1. Looking at (1) touching a Gly at 6+ places or on another chain (Cβ under 6 Å); (2) outside any strand (DSSP E or B), can you tell me which one THR308 breaks?
2. Please indicate, with yes or no, whether at least one residue in segment 272-282 is within 22 Å of ILE158 (Cα to Cα) and crowded, with 22+ Cβ neighbours inside 10 Å.
3. Go through the residues of segment 98-113 one by one and say whether even a single one is without any contact (Cβ under 8 Å) to a residue 12 or more places away in the chain, away from the ligand (no atom under 16 Å from the Cβ) and either of a type in the set (Lys, Arg) or assigned to a strand (DSSP E or B) (or both).
4. Looking for whichever is among the small types (Gly, Ala, Ser), within 23 Å of SER389 (Cα to Cα), surrounded by 22 or more Cβ atoms within 10 Å (Cβ to Cβ) and within 16 Å of the ligand (Cβ to nearest atom) here; the options are ALA244, ALA256, ALA251. Which one fits?
5. For segment 223-238: of the residues being among the small types (Gly, Ala, Ser) and under 23 Å from the mean Cα position of the chain (by Cα), which is nearest to ALA209 (Cα to Cα)?
6. For the condition within 30 Å of ARG305 (Cα to Cα) and assigned to a helix (DSSP H, G or I), what is the one hit in ALA29, ALA75?
7. From the list ARG300, ARG291, ARG273, exactly one residue is touching a residue at least 12 places away in the same chain (Cβ under 8 Å) and more than 22 Å from LEU382 (Cα to Cα). Which is it?
8. Out of all the residues in segment 135-159, which are within 12 Å of the ligand (Cβ to nearest atom) and either within 16 Å of GLU79 (Cα to Cα) or touching a Ser or Thr at 6+ places or on another chain (Cβ under 8 Å) (or both)?
Amino acid sequence: APSTDHCWLYWTWCVKMDGYKTVIDSLRASFRSGFSLPEQFRLDQLEALVTLIRENEKQILEALYKDLGKPKFEAILSEIDMVMNELSFAIHNLKTWMAPEYVTKNLATKLDHCFVHREPLGVVLIIGTWNYPFQLILLPLVAAIAAGNCAILKPSEISPATEKLLVDLIPKYLSQKCYAVICGGAEETKKLLENKFDHIFYTGSQKVARSILQAAAVHLTPVTLELGGKCPCLIYGNLDIKAAAKRLAWAKFFNAGQSCVAPDYVLCNREMREALVPALRQALEDFYSPRPRECADIGRIVSERHWTRLADLLQRSTGTVVIGGETDKEEKYIAPTVLVDVPETDALMEEEIFGPILPIICIDTLADGVNFINAREKPLALYVFSDESKVVTTVLEQTSSGGFCSNDGIVHMSLPGLPFGGVGNSGMGSYHGRWGFETFSHRRACMLRGWGLERINVLRYPPYTEGNLGW
Ligand code: NAD
């Protein structure tokens with residue numbers, strides 16, 4: 001008998017040969033048959049995902065370690081628990097989300113039933129990326145299942161261990177009639193995108209997002225784009241500098257800086273910088289010891305290509321390294337690094353860093369900081385650190401970003417009540433909690449009318465007279 005690996009390769013080859021048509025057609029047939037619609041079916045699938053995670057936690061942690069050297073604590077917090085929390089939130093709220101939403105009526109509709117019905121979109125495509133390779137596929141899947149859709153999942157090829165695990169586990173636990181996993185990189189995804197889907201949910205870079213939009217335009221497919229950008233952290237006014245340094249360092253160096261919502265750069269005045277750098281140095285030493293490379297709590301860069309991009313950015317930067325700076329290609333290691341005297345035109349300010357490198361840019365006033373942010377594309381997250389509520393409110397009111405968090409970083413995305421998504425170049429649409437359910441649902445306007453009061457309708461039928469309008 002062929003090994004699991006052989007079966008998998010054969011299956012991948014088969015679905016590639018017909019441009020993925022067979023698999024999409026079969027999911028579409030399931031959707032049309034109403035298979036994925038019943039509330040109980042959705043709950044069963046969500047429960048099956050809970051079981052998948054419970055029974056395979058060890059393998060999930062191993063895959064994440066293989067792909068990113070992800071520390072166990074970070075993997076549990078940001079991948080496993082995130083999905084578990086989302087599942088439990090969806091399971092508990094599904095009935096409420098699915099219920100018809102009755103709307104206010106007027107005199108002319110008093111006898112009608114007027115409500116918004118959330119209906120699933122159909123067969124949706126979920127394309128993930130590699131930095132949180134488990135969570136970024138499964139969180140949208142939870143929303144797609146809750147909303148009653150069938151789904152094709154396309155994990156990132158850059159994190160192959162997690163990709164392989166998803167290919168193995170999803171068909172074992174979820175209905176194969178409704179959900180399928182497809183593997184591959186750019187070429188396979190392009191081929192996949194030639195097919196018609198009812199929604200495309202894409203997480204990744206702005207560059208690829210443009211091709212996704214172009215492919216979607218051919219079929220007029222709606223899309224959600226979860227992208228990135230340079231997330232600023234503005235530090236201003238009075239604050240507890242030690243606590244600020246710890247929170248900033250944690251948010252920045254979590255997952256070795258490979259988070260879409262990681263603070264990308266710091267904006268502060270010179271006086272603040274003088275206090276911040278030693279506080280950051282101390283925080284990093286407390287977190288990762290004086291030899292972070294030997295510390296199990298700092299992850300690795302996902303691939304040699306991504307490591308080379310970061311090492312190159314560091315080399316091209318004209319800033320001064322004040323913390324870290326060590327790199328090791330073989331280990332795909334980059335030390336938690338902080339730079340000062342980084343000019344606005346520096347290599348580090350050209351694109352999203354997406355690694356453990358933190359430039360500090362000096363500004364003089366709060367208004368300078370706000371102007372610096374507003375002169376650039378709208379970020380996915382914006383952080384402001386200050387003890388002064390006026391500073392926080394000013395930045396909140398005078399800027400725009402996908403999400404906003406004061407006096408901490410990345411934690412705002414863990415609350416399912418808050419929508420997670422970008423604005424402008426950092427993305428379109430949102431998910432998490434009910435927001436994900438809404439993303440994968442169509443809000444159908446329903447008016448159920450009977451045959452009563454026909455005598456009143458006479459007023460609107462031709463021949464029209466001005467008297468009918470009550471003039
Ligand atoms: P990427 O765009 O290269 O890859 C993402 C997915 O797209 C992968 O599944 C890949 O196989 C596929 N892909 C790659 N090239 C393609 C092409 N030409 N046509 C069709 N599909 C293609 O993503 P990346 O650069 O590795 O991801 C990093 C970016 O993702 C960063 O900007 C980061 O901020 C962002 N990100 C955003 C979120 C969020 O939730 N908003 C989360 C994680 C990462």
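1. Answer for THR308: the failing condition is (1).
2. No, because not a single residue in segment 272-282 is within 22 Å of ILE158 (Cα to Cα) and crowded, with 22+ Cβ neighbours inside 10 Å.
3. Yes, that holds for at least one residue.
4. ALA251
5. Selected residue: GLY228.
6. Matching residue, one of ALA29, ALA75: ALA75.
7. One residue alone meets the criteria, ARG300.
8. If the condition is that a residue be within 12 Å of the ligand (Cβ to nearest atom) and either within 16 Å of GLU79 (Cα to Cα) or touching a Ser or Thr at 6+ places or on another chain (Cβ under 8 Å) (or both), then GLN135, LEU136, ILE137, LEU139, PRO140, LYS154, PRO155, SER156, ILE158, SER159 are the ones that fit.
The values are calculated or read from the model by the stated rules, or taken from the named source; none is laboratory data. Please read all numbers here as calculations on a predicted model, not as lab measurements. Cβ: placed from backbone, ideal geometry, glycine included. Neighbour counts: every protein chain shown.
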